Structure formats: C-alpha cells, structure tokens
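Read through the structure below, which is laid out as structure tokens, and then see the notes.
Just so you know, all these numbers are worked out from the coordinates, no wet-lab data involved. Everything quoted here is computed from the prediction, not taken from an experiment. Methodologically, a virtual Cβ is constructed for each residue, glycine included, from the backbone with ideal geometry; neighbour enumeration extends over all protein chains shown.
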Amino acid sequence: MSDALPASIGTVVIGAGVVGACVAGFLADEGQDVLVVDEGCGAGSSANAGSLHVQMQSRFMRLYPENVPNMELQLPLYPKAVAFWRELASSLNADFDLKMTGGLMVAESQDQLDFLGVKARRERQLGLDVEILDRARLDAIAPYFGPSIVGAELCANEGKLNPLLCNAAIRSWILARGVVLAEGVRVEGIARSGTGFAVTTTRGTVTAGRVVLAAGSGTRLLAAGMEPAITIPAVAEPLHMNITEATAPLIGHLVQHADRMITLKQFGTGQIVIGGGWPARQDAPGGHAEVELASLIANASLAQHIVPSIGNLRIIRTWAGLNTSVDGMGVLGAVPAIPGLFVAIPGDAGYTLGPLSARLVADVMLGRKPGEDISPFRPERFE
C-alpha cells in the first residue's frame with residue numbers, strides 16, 4: 001500500500017472489494033496505471049461468508065418479489081460466474097479452497113417443497129442444472145439433516161470457497177501488477193476536470209482520465225454527487241454471520257432453506273460458516289456494520305435445528321458485513337451522460353458475480369466487446 005496518492009493517474013477505482021480489485025487487476029494486466037481507493041469500512045467482500053450461489057435465493061424472492069423478473073434476467077450469469085472463479089484461481093495459481101459440490105435448498109413442509117418445484121422448473125428453463133430430491137434421495141447424498149427436513153432442491157452448479165484466501169490472493173496479484181492501493185481513504189467528491197476527473201479524497205485530490213464506481217452501496221451517494229447527478233439506487237443491507245470451531249468433514253454442500261434465513265457451508269479447514277441473511281445493524285449511513293445478539297442466537301439455533309450434529313460446536317467468531325441490493329440485478333458499464341465514468345456493481349450474491357462482473361466492465365473500458373451481453377445492466381436504466 002502506498003502512503004502518498006499520485007497527483008494524476010489513468011484510472012481511479014473507488015472500492016477495493018472483489019469487484020473493484022479485479023477491475024484494477026484486469027486493467028493492470030493490460031498495462032494500465034490504476035489507483036484503488038477504499039474507505040475500509042468492511043463492507044461486502046471482506047465480510048463475505050464464501051457461498052457461490054447459482055440458484056435463485058428464496059430470501060431475495062420473498063423480500064423483493066418485484067425484483068424476481070430481474071433476478072431471472074441475470075440468472076444465466078451465475079453458473080458462468082462460478083466457472084470464472086475457477087479460471088481466476090488457475091490464472092493466479094492460487095488456492096481458493098474452492099469446492100464444486102453442489103447446493104441444497106431444503107424444505108420442511110410440502111408447501112415449501114412445492115415452492116421449490118415451481119422455482120426449479122423456471123430455473124431449468126433458464127439453463128440451470130437443478131432437480132428436486134425427496135428425503136430418501138436427500139439422505140443418500142446428505143445424511144446430516146435433522147428430521148424436520150422433507151426434501152430439497154439440488155443445484156449442481158453451486159459451490160463454496162474461502163474468501164480470506166481469495167481476497168489475499170487477489171490483493172497480492174494487483175499489487176504485483178503495480179496497482180496503487182490506498183486503504184482507509186474516503187472519497188469526498190468527484191468532479192469533471194478537462195477531459196477527465198478530479199477525485200477529492202481525505203488524502204488529497206487525484207486527477208484521472210477514468211473513474212470506476214465499485215463501492216457497493218456507497219456508489220449511490222458518489223453517483224448522486226456527480227454533475228449531472230446519476231441515479232444508482234444501491235442500498236446497504238447489514239447482515240450477521242458466525243463461524244464455528246473446526247470439526248471433521250460433515251457438510252459437503254452449500255446449504256440454504258426454502259423459507260428461512262440460513263446458509264451453511266464447511267471450509268477445508270473444518271470450520272462451519274453460518275449465515276443466510278440475519279440482520280446486523282449499521283452504526284451510521286455509510287458506516288460500519290455491527291453484530292446483533294438476537295441474530296447470533298437465532299442464526300445458530302436455526303443451524304442446529306437443520307443440522308443437529310453441529311449443536312456441540314463452539315462459535316469462535318461472529319461478524320457483520322454489508323450486502324448491496326439494487327433491483328435484483330447488477331449495474332455494469334459506462335455512464336453515457338459522463339464519458340469516462342463506469343459503474344461496477346454485481347447483482348444479488350455479489351461475491352459470486354464479482355470477478356466475472358469486473359471482467360465485463362474491464363473489457364468495456366479496454367474497448368473490447370464483453371463476453372456477455374451487459375446491456376440489461378446498463379447504469380442509465382434508472383434515469
């Protein structure tokens with residue numbers, strides 16, 4: 001990390017999460033000079049629980065039913081995003097503890113199983129590899145569930161990884177490519193300056209030819225402060241997570257629930273991460289996320305209910321992070337009203353989509369046709 005910001009640079013990326021860091025890395029691989037500025041409030045990537053989601057998450061479908069058409073529109077990107085994680089691990093020669101063992105969304109009633117059946121039929125139409133398992137078939141591949149589980153939807157494309165390993169490897173990659181990383185630095189404003197931009201920060205002003213807004217929910221205020229103002233309705237969602245002590249291999253899949261807030265997965269280290277959307281709190285708009293005791297208790301209790309054998313494990317750490325929600329899909333690409341300005345926000349389950357989203361935005365910036373059609377995700381759709 002550099003102590004002094006450069007007076008000028010080709011590109012400033014705001015946000016050092018997985019998306020911003022990967023945009024910077026892909027640009028630097030092509031010889032571009034890049035500064036990444038990050039306030040360091042521990043938002044999404046640094047607090048991620050390591051799920052590689054592909055199937056539509058029932059939690060988002062319940063919370064934001066109006067966004068389901070957009071979720072479906074972006075759904076085909078998810079299996080490609082998981083495959084891209086594998087490509088990234090190979091290109092960086094890094095161990096991400098990435099396991100493609102499939103994901104199980106479990107049901108505790110026939111109504112829930114029927115809901116999963118309807119969801120699975122639609123997902124198959126959109127290209128996912130999913131099927132419904134009754135309890136007997138579920139026991140054959142996942143005998144660890146408690147007696148309340150009646151069946152599950154199996155998505156073969158899903159998996160899990162260790163975000164601590166991923167984030168460290170990505171950081172090493174971008175630093176080795178000469179990216180200037182300024183952490184603990186807040187961007188206070190962005191203004192047009194000649195054919196480029198003046199980015200005012202708490203450590204001075206940097207002029208840049210291009211700016212990438214990859215600050216998750218923080219992108220909303222940054223975009224609104226531009227001239228002309230840009231509307232990006234990104235909202236912070238503070239979430240709570242827990243991790244247990246290590247134990248013998250137990251949970252092989254990414255586990256979710258058809259109707260309740262839970263995710264479970266086990267790292268190669270043996271530790272089990274318990275998440276799934278229980279709320280945390282945010283100390284102030286744009287500030288840090290903080291854990292909630294009620295969420296810790298409810299999250300752990302539900303995990304034990306679903307997989308009783310984890311009940312004797314100790315929780316060794318809890319933490320909170322900020323998920324970013326927009327309208328059910330990402331915001332990717334150039335801002336036509338302000339040449340040189342780009343937005344890089346993935347959709348729901350943003351860590352899964354992160355590297356692929358970054359690749360698509362970087363391709364646009366490099367004058368290439370991106371490998372996927374990103375026109376539905378264009379920033380100007382909110383104007």
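Some observations on this one:
- Number of Lys pairs (Cα under 26 Å; 8 or more positions apart or on different chains) in the chain: 11
- Label point of Ala224 set 7 angstrom out along Cα-Cβ; within segment 307-329, amide nitrogens under 17 Å from it belong to 324-327.
- Only helical runs count toward this figure. For the chain, summing -39,500 (n - 2.57) over DSSP H runs of n ≥ 4 and dividing by all residues gives -9000 deg cm²/dmol at 222 nm.
- Förster radius 41 Å - calculated FRET efficiency between Thr269 and Arg378 (Cβ-Cβ, nearest 0.05): 0.50
- Stokes-Einstein D in µm²/s, Kirkwood radius over Cα pairs - the chain at 20 °C with 1.002 mPa s viscosity: 101 µm²/s
- Stokes-Einstein D (µm²/s) once Rh is taken as the Kirkwood radius of segment 1-129 over alpha-carbon pairs, at 37 °C in 0.692 mPa s: 184 µm²/s
- Charged-residue dipole, Cβ positions (Lys, Arg, Asp, Glu), segment 142-255 about Cα centre, Debye nearest 20: 500 debye
- Only Lys, Arg, Asp and Glu carry charge here, each on its Cβ (+1 for the first two, -1 for the last two); on that basis segment 46-173 has a dipole of about 240 debye about its Cα centre.
- Principal-axis tilt of helix 350-365 within the chain, Cα atoms, nearest 10 degrees: 30 degrees
- Loop trypsin sites (Lys or Arg not before Pro), segment 76-164 (other Cβ atoms within 10 Å of the site Cβ: 14 or fewer; DSSP): none
- Kirkwood hydrodynamic radius computed over segment 64-200 comes to 18.7 Å, based on all pairs of distinct alpha carbons.
- Of Cys166, Val211, Gly194, farthest towards positive along the dipole that unit charges on Lys, Arg, Asp, Glu beta carbons give segment 161-236: Cys166
- Cα lying deepest toward the dipole's positive end in the chain, options Ala223, Ala120, Ala83, charges on Cβ: Ala83
- Built amide H within the under 5 Å cut-off of Gly286, gap 5+: none
- Separation of the Asp114 and Ser90 label points, Cα + 7 Å toward Cβ, nm: 4.5 nm
- Residues whose placed amide H lies under 5 Å from that of Ala280, excluding near-sequence neighbours: Leu239, His240
- Compactness relative to 2.2 N^0.38 Å, alpha carbon Rg of segment 138-273: 1.53
- GluC sites (Glu not before Pro) restricted to segment 43-140 and DSSP loop, no more than 14 other C-beta within 10 Å: none
- Rounded to the nearest 20, the size of the Cβ-charge dipole of the chain about its Cα centre is 240 debye, with Lys and Arg at +1 and Asp and Glu at -1.
- For segment 136-193, the alpha carbon positions stretch 64, 28, 20 Å along the principal axes, listed from largest to smallest.
- Dimensions of segment 279-345 based on its C-alpha atoms, expressed as ranges along the principal axes with the largest first, amount to 57, 26, 19 Å.
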